Structure formats: structure tokens, C-alpha cells
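**Student:** So that we are looking at the same thing, I have put the structure below in C-alpha cells.
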């Protein structure tokens, strides 16, 4: 799509319009970031300066990049969710023992067996 000062997206966002005009943008490709039919956002690609206008090959590349980006975002979200669940389960597993168990005392017995040292540690409630 060729850009001009009256392009629909630029009229709606004057700050973006000013930035694009200052950069010398003349063409735009917009590709959806979507995965399994769920929209996640948009990828906007602009051509600036003396570069040739975007063509069908550029549009195909932008669609491929948008598809791959959506997959990466989904993978990152899934990893974060799974990591949070695993950390929560791990935290809850650490608190299985009630606080009413009496504290243990620590005694150590040291003995020597065949030129090696053996340290025995025994724990029992008070």
C-alpha cells in the first residue's frame, strides 16, 4: 500500500504519521500476527528513502515473518505458563511438613576406617 498523508491508518494516529513522514516512508505492508485463528497483533513493514516500493514477494516474506513471529510469541507464553506452574508446584511441595514436628538435634561421630575418614551424622527429635 502506498502511503500518503490521507492514508486511513495515518489519519487515525497523527504521532505515527509524523514519525513516518520524517523517516521518508513511502510504502507499507501490514501482516496479521495470528496463530490457530487467534489474532495476537500486527506486523507493520515500511519502505523508506529511495528503495523500490514493496511488491508481492515482499508481502509474502512479511506474511511468513508474521506467522513465525506469532509462533515464537505463543511458545514464549506457553513456556512462561509452564514454568510458573512448575515453580508453584515446587513451592507447595516444600511446605508438606507441618511446623509442629520437634526440631532435630545434630550429633556427629567421627571414626577412621582404613585411612579414610567417615563422618556419621545422626538426627533425632529432642
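FYI, it's all coordinate maths here, none of it is from the lab. Since the model is a prediction, treat every value here as computed from it, not as a measurement. Neighbour counts are summed over all protein chains in view; Cβ atoms, including those assigned to glycine, are modelled from backbone coordinates with ideal geometry.
**Student:** Evaluate E = 1/(1 + (r/R0)^6) for residue 89 and residue 30, where r is the Cβ-Cβ distance and R0 equals 25 Å; express this FRET efficiency to the nearest 0.05.
**Tutor:** After rounding, the FRET efficiency stands at 0.05.
**Student:** Quick one: grab Rg to one decimal and Dmax as a whole number for region 8-99, Cα atoms only, in Å.
**Tutor:** Answer for region 8-99, Rg first and Dmax second: 21.3, 73 Å.
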